[in-house]
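Below is one structure; the comments refer to it alone.
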Amino acid sequence: MTDPISVRTDQLVRLQAFETWTARLLGAWLPGVVDWDAKHQMAEHLWEDLQHARDLRTRLWELRVSRPDRHVAPSIETAARQLGAATSDVAFIAGTYLVLLEALTVAYRNLLGDAHPIQDRPTVPLLERILADKARQQDWGRATVQAWVTTGDKRREVDRWMRYAGEVLEACGGIDGTRPARPIARPLPGHPP
């Protein structure tokens with residue numbers, strides 16, 4: 001029988017890794033963002049994501065996971081690097097905020113719903129705070145994508161990239177790692193999948 005505490009700990013390890021890679025994605029994309037307001041907002045989200053990663057890492061240390069990054073599945077890094085291959089700011093924002101953050105939100109909600117009332121008590125406020133931040137980040141992402149998608153071509157580009165982002169997350173085993181990982185399809189250089 002699988003120990004539910006170790007399962008939740010493994011999920012926290014993956015969530016911490018995804019938070020770290022989300023911040024890295026934002027940081028890598030940030031210098032090229034043309035819209036100054038978007039650049040400012042994404043920088044704030046990068047900072048929040050790093051705070052989430054730090055707080056999750058601290059919680060993992062409390063749970064006696066001494067090196068949370070040591071046993072992270074390499075498919076998470078591969079997935080993050082693929083998500084950074086978007087061809088435009090709006091595609092990147094759609095893939096990151098409307099697909100990746102949505103998947104993270106679902107994983108956090110599931111973990112919160114499965115939380116043990118005593119054993120996970122220190123984790124619950126952390127998850128609730130992260131969920132509140134993710135909701136604000138997603139609201140910004142939705143509004144930005146809606147405002148920037150002004151043509152049918154842009155809509156098709158964004159839809160293709162969002163489908164691809166979902167496929168990438170599935171291929172890495174999902175945010176929570178409950179599905180088997182499989183090879184991640186790479187987009188053609190300069191073309192959305």
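Every read-out reported here was derived from the displayed coordinates using simple, explicitly stated rules and does not represent laboratory data. Every value quoted in this text rests on a predicted model; they were computed, and no experiment measured them. Virtual Cβ from ideal backbone geometry, glycine too; neighbours counted across all protein chains shown.
Gain on full extension, evaluated as 0.36 nm per residue between Val124 and Leu112 minus their Cα-Cα distance, stands at 3.7 nm. Net charge in the neighbourhood of Val72 (other residues with Cβ under 15 Å of its Cβ; Lys, Arg +1, Asp, Glu -1) is +1.
If you take all C-alpha pairs in the stretch 93-147, what percent of them are over 13 Å apart? Result for the distance tail: 59 percent. Highest mean packing first, where packing is the average number of other Cβ atoms within 10 Å per residue, the peptides 167-173, 128-134, 31-37 line up as 167-173, 128-134, 31-37. Panel note: the C-alpha atoms of the stretch 1-95, placed on their principal axes, show extents of 50, 22, 19 Å (largest first). Computed from the alpha carbon atoms alone, the convex hull of the stretch 56-97 holds 77 Å³ per residue. Cβ-Cβ distance of Glu170 and Ala147, R₀ of 30 Å, FRET efficiency by 1/(1 + (r/R0)^6): the value works out to about 0.55. Each peptide among 55-68, 110-123 gets the average number of other Cβ atoms lying within 10 Å of its residues, and from highest to lowest they stand as 55-68, 110-123. With both labels modelled 7 Å from their Cα along Cα-to-Cβ, the Ala28 to Thr87 distance reads 1.9 nm. Scaling the Cα radius of gyration of the chain by the globular reference 2.2 N^0.38 Å produces a ratio of 1.02. Structural size metrics of the stretch 52-166, computed from C-alpha coordinates, are Rg and Dmax of 16.6, 52 Å. Between Ala135 and His71, the modelled labels are 3.4 nm apart [label points 7 Å from Cα along Cα→Cβ]. Based on DSSP H segments of at least four residues, each scored -39500 (n - 2.57), the chain has a per-residue ellipticity at 222 nm of -22500 deg cm²/dmol.
Span-like helix check, the chain: qualifying full DSSP H segments, with Cα axial length of 27 Å or more and mean Kyte-Doolittle of 0.0 or more, are 4-29.
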